[in-house]
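Note sheet for the following structure.
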């Protein structure tokens, strides 16, 4: 049975990759598409390929864990959606609207893929099982919501895959009156997320670290998407800017399966604090340097504008100033982050500094031995501390 599961897992992974190759082929063949369209479809492949790769790896390494199979299903759905949408666009632009109409319906599979991520995956992370048997009814409720809303998307009147001259052959106006059912989607996602929060509060040790990795991947996705969609919310994302937003969204989605893979396989699991520390430091550093650069450019242009007569002196000066500011700012931000969020590490560093200063002035061996044991006990917090000293002549 284990061998059959492994064969099935690799077969689904290969199928997802082949569909991704088909997406690339039809994207490159579609010469009538916008210049950015082929690149966006290729960037889109980061989503199905990352889910499929992580799913295939998890099902081989942890076949009893349903997370791997869910990731495989999500990756396959995204791959089918991408191949169907790209083929429909190519067929429509090549004068084959009939083929575009039916194959383009596969583009509706994005909704069950997103639904599985937001509900069933969140309900079962990281161990592959529900929080308790009482959550089974909620899991079934989420399945019903995904199916109902998927039918609404599939039967929506209008063009298929945004291809001109096509009409949805499965369109149903009466079903569209059930549009308020879409409100059940965020409700389902909220409940599944609450399940993950409750799991985090109940558990400890390794499982808590696993959930923190998942939360980190979700946080990266959320920050990237919100940052990318700010121009859209402000009405400034037109043309190429809109394409950048879409591309960032696709790449950000791949952070979720990567975090899931690290979490379930427990690979470098205990590096989570280091990752969070670096993310906080370099995120704050980037924001600080960007603000300093923009502020200095505006200030120097205001002060030196009449003298430089439109030269790039202000930009060059600001660049040099920011380059000189990098290391001092990084050190200060690192200290601030350690002091605020990683107090234990910060206190340990201060203790070692004080010990180093004390050693330079202390000559009594007994005093140094006691001080060294105290420092080790405070910084490392071992169960027991012993110090062996070699006697003279040994």
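Which ones in segment 114-140 are in contact (Cβ under 8 Å) with a residue 40 or more places away in the chain and surrounded by fewer than 16 Cβ atoms within 10 Å (Cβ to Cβ)?
If the condition is that a residue be in contact (Cβ under 8 Å) with a residue 40 or more places away in the chain and surrounded by fewer than 16 Cβ atoms within 10 Å (Cβ to Cβ), then 129 is the only one that fits.
Whether any residue in segment 62-79 is modelled with pLDDT under 85 and either part of a helix (DSSP H, G or I) or more than 20 Å from residue 16 (Cβ to Cβ) (or both) is what I want to check.
Yes, segment 62-79 contains at least one residue that is modelled with pLDDT under 85 and either part of a helix (DSSP H, G or I) or more than 20 Å from residue 16 (Cβ to Cβ) (or both).
Counting only residues that are in contact with a helix residue (DSSP H, G or I) (Cβ under 9 Å, 6 or more places away or on another chain) and over 22 Å from residue 194 (Cβ atoms), give me the helices (runs of 4 or more DSSP H) lying completely in segment 84-176 with at least 3 of them. Full working, then the answer.
Values: elements: 97-103, 110-116, 136-154.
Hits in segment 84-176: 97-103, 136-154.
Here are the criteria: (1) closer than 30 Å to residue 168 by Cα; (2) at pLDDT 80 or above. Tell me which single one residue 135 does not satisfy.
Of everything listed in (1) closer than 30 Å to residue 168 by Cα; (2) at pLDDT 80 or above, residue 135 misses just condition (1).
Return a yes/no flag: does segment 142-163 have any residue that is touching a residue at least 60 places away in the same chain (Cβ under 8 Å), farther than 30 Å from residue 94 by Cβ and surrounded by fewer than 20 Cβ atoms within 10 Å (Cβ to Cβ).
Pass one, segment 142-163, residues touching a residue at least 60 places away in the same chain (Cβ under 8 Å): 160-163.
Keeping just the survivors that are farther than 30 Å from residue 94 by Cβ gives none.
No, every residue in segment 142-163 fails to be touching a residue at least 60 places away in the same chain (Cβ under 8 Å), farther than 30 Å from residue 94 by Cβ and surrounded by fewer than 20 Cβ atoms within 10 Å (Cβ to Cβ).
Name the residues in segment 86-109 that are surrounded by fewer than 20 Cβ atoms within 10 Å (Cβ to Cβ) and within 17 Å of residue 72 (Cα to Cα), would you?
Answer for segment 86-109, where residues must be surrounded by fewer than 20 Cβ atoms within 10 Å (Cβ to Cβ) and within 17 Å of residue 72 (Cα to Cα): there is none.
Going by what's in this entry, would residue 103 be described as over 23 Å from the mean Cα position of the chain (by Cα) and modelled with pLDDT of 90 or more?
Spelling it out, it is not the case that residue 103 is over 23 Å from the mean Cα position of the chain (by Cα) and modelled with pLDDT of 90 or more.
The values are calculated or read from the model by the stated rules, or taken from the named source; none is laboratory data. Predicted, not measured: the structure shown is a model, and the values here were computed from it. FYI the Cβ positions are ideal-geometry reconstructions off the backbone, even for glycines, and counts take in every protein chain you see.
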